[in-house]
1. Along the charge dipole of region 378-484, which of VAL397, ALA452, ASN439 sits closest to the positive end, that is, farthest toward it, with unit charges on the beta carbon of Lys, Arg, Asp and Glu (+1, +1, -1, -1)?
2. Residue by residue through region 505-511, what is 3J(HN,Hα) from phi via Karplus (6.51 cos²θ - 1.76 cosθ + 1.60, θ = phi - 60°)? Round to whole Hz and write x for glycine and proline.
3. Local charge sum around GLU55 (other residues, Cβ-Cβ under 13 Å, Lys/Arg +1, Asp/Glu -1)?
4. May I ask you to derive the relative contact order of region 247-439, considering only C-alpha pairs under 8 Å and at least 6 residues apart, and to give it as an integer percent?
5. Taking region 309-390, which trypsin sites (Lys or Arg not before Pro) meet the DSSP loop condition and have no more than 15 other C-beta atoms within 10 Å?
6. Quick one: net charge of VAL374's neighbours, Cβ under 14 Å, K/R +1, D/E -1?
7. Within straight cross-link reach of LYS47, meaning Cα distance under 27 Å, which lysines are found once same-chain residues fewer than 8 apart are removed?
8. In the full protein assembly as shown, how much of CYS359 is accessible to a 1.4 Å probe, in Å² to the nearest 10?
Amino acid sequence: MCGIVGYIGDRDITSILLVGLQRLSYRGYDSSGIGILSDGELSTWKKSGKLVELETMIDGLSIQGNIGIGHTRWATHGIPNDINSHPHVNQSKKLAIVHNGIIENFSSIKSRLSKQGFLFRSQTDTEVIAHLIEYYMANASLETAVENALLEIQGSFALAVIAESEPDKIIAARRSSPLIIGVGDNENFISSDINPILSHTKKVVYMNDNELAVITRDHIQLKLISGPEIPLKTHQINWNQEASEKGGYDHFMLKEIHSQPHVVRTILSKYIKGKNQIQFKDLHRDGIDLKLINRFIIQACGTSWHSGLIGKYLIEQYAHVLTEVDISSEFRYRQMISQGNDVVMGLSQSGETADTLACIREAKSKFYKVLSFVNVKGSSIDRESDGVIYSHAGQEVGVASTKNYIAQIVTIYLFAIHLAHIKGKLSKDELVNKIDQLNKIPEYMDSILSKADELEAMAEKYYLSREFLFIGRGLNYPTALEGALKLKEISYIHATGYAAGELKHGPIALIDAKLPIVCISPQTSTYEKMLSNIQEVKARKGKTIIIATEGDKEIKNYANDLFYIPKAPEELTPLLACIPLQLLSYYIAVKLDCDVDQPRNLAKSVTVE
Ligand code: F6R
């Protein structure tokens with residue numbers, strides 16, 4: 001969370017920093033700020049609220065300079081006001097720092113420095129770093145002072161520092177928060193991710209934990225913090241910037257929902273080779289032998305946790321391998337019990353989620369192999385895993401995950417049937433049949449998307465309800481959880497997902513004539529059970545919005561509102577059933593005038609605990 005950019009070179013500095021912050025604003029949008037050195041003199045501008053507030057603030061100013069840093073904030077320490085915004089400066093305002101992460105021992109450092117006469121202006125943990133660097137600069141260069149400060153602080157950081165005393169460089173460092181250096185020609189960049197850099201250079205250096213970089217316009221020195229120099233390893237990026245545009249849609253979320261058939265086609269083209277052969281190129285990077293695996297432990301958060309729950313069903317169903325699914329923030333503080341030949345599986349769109357990353361590191365330290373399903377190439381989880389299956393969803397800009405959810409389910413599905421085949425649980429013919437069925441999904445998705453207006457009309461009926469229940473069974477129990485999460489995160493309406501069979505153990509007490517209950521009820525092996533649950537709801541006058549299989553006439557009797565999805569094999573129904581739920585949430589949020597792409601209090605890449 002929080003986004004950092006930095007630039008040194010001859011281009012228009014404000015535009016580089018502001019466009020960079022725009023592309024990073026998915027990481028947090030509580031406030032933003034920039035700090036620029038012009039003729040060796042430091043100036044900073046910062047403002048709470050969305051980036052547009054900062055843009056308005058500096059509009060019309062003629063800001064010069066060829067070295068600068070910028071920040072977009074997701075508040076942790078201190079409310080999102082102007083003072084707590086980054087950059088933070090030292091006492092004499094001659095040094096500026098932007099920071100992503102949390103300094104755990106900031107309060108003891110702050111009280112020590114306060115006693116020595118340092119005056120603090122903000123409530124942030126970041127400001128202590130600025131003063132600490134100043135403290136060490138009394139007898140040292142900027143680089144050594146930053147190193148000394150970093151040796152003292154505990155917690156996570158990606159940071160960038162500029163100072164009047166050494167106006168030709170940016171000092172950047174990271175521990176547990178991402179940071180990338182963009183390598184240019186007589187210019188260099190830093191950023192929390194690749195997006196601000198992409199349109200300027202495709203050559204990047206991924207910084208690793210405990211590394212520090214001294215960046216001038218024509219040189220990059222990389223070293224361990226207070227340690228030896230490290231050879232620069234550059235990577236060539238072959239992404240384009242097209243995902244950063246809305247492409248005619250009102251919101252990125254809507255564009256991403258509509259791109260889901262394309263995402264499935266892309267995944268199939270990446271992983272299905274020759275005559276229906278599944279090939280995962282990066283799966284066996286470091287000694288993962290699929291035949292030997294006895295147990296998977298899936299690690300994920302939020303929407304990725306929901307696709308992990310579906311993954312459990314699929315892997316157990318097809319490959320008969322015990323699969324546990326855990327929320328990373330819970331798992332990381334429990335005892336890991338090895339049964340031998342366990343593989344920890346990390347599921348993450350961003351590849352940077354702090355809790356999931358921590359679980360993976362913990363697992364590796366205990367000699368588990370780690371196989372991850374990741375969307376962002378070059379992310380920490382990608383680089384630290386023994387094997388990776390990329391989601392190939394393309395850049396997801398909307399803070400609420402949609403297309404990556406689909407992509408994770410499809411890739412896990414392919415993995416599950418591949419594993420089942422290797423383990424002798426699925427014949428070649430069965431495998432080919434399963435791939436054929438998957439090939440039909442994009443077309444089914446297209447037909448659902450063509451009926452988006454039905455969901456818009458439903459949203460009109462229900463958008464003033466302050467509470468929703470989502471119920472499903474089997475593979476569509478996670479669909480219910482995901483439907484509820486989508487609705488609450490973008491529309492701020494309280495929604496809860498339940499396994500439909502659990503209703504009678506408590507939640508049924510909530511049902512009255514005002515409560516809308518979204519029932520995910522395609523024709524699967526639990527259909528009859530689900531029908532009974534829906535009748536329980538109807539008997540208590542609940543308002544039912546039912547997602548059912550095309551041709552199911554009986555279900556009409558129990559539906560206040562009904563949306564049909566095409567008939568598909570049970571294991572593939574979550575891929576179809578989630579789309580109407582995404583659209584329903586989207587249209588409700590739009591009607592409530594919510595900021596769909598950047599919901600309040602959220603950030604796309606959750607790099608703090
Ligand atoms: C919800 C959403 C979040 C993420 C979660 C994990 O729409 O996007 O719940 O799924 O923060 O993020 P990743 O997948 O990047 O690890």
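The values are calculated or read from the model by the stated rules, or taken from the named source; none is laboratory data. Remember, it's a predicted structure, so these values are computed and weren't measured experimentally. Using ideal geometry, Cβ is built from the backbone for each residue, glycine included, and neighbour counts are taken over all protein chains shown. These accessible areas exclude ligands, DNA and RNA; they are computed on the full protein's heavy atoms, side chains included. Shrake-Rupley method; radii C 1.70, N 1.55, O 1.52, S 1.80 Å.
1. ASN439
2. 8, x, x, 4, 4, 6, 6
3. Numbers: positive: LYS46, LYS47, LYS50; negative: GLU53, ASP59.
Around GLU55, the surrounding residues sum to +1.
4. Numbers: 336 pairs, mean separation 52.9, N = 193.
Taking the mean separation of contacting Cα pairs over the length of region 247-439, I get 27 percent.
5. On the way: sites: LYS312, ARG332, ARG334, ARG361, LYS364, LYS366, LYS369, LYS377, ARG383; in loops: ARG332, ARG334, LYS366, LYS377.
Those satisfying the criteria are ARG334, LYS366.
6. Working: positive: LYS270, LYS281, ARG285, LYS377, ARG383; negative: ASP193, ASP282, GLU352, ASP382, GLU384, ASP386, GLU396.
Its environment carries a net charge of -2.
7. Output for LYS47: LYS93, LYS94, LYS110, LYS169, LYS246, LYS604.
8. 0
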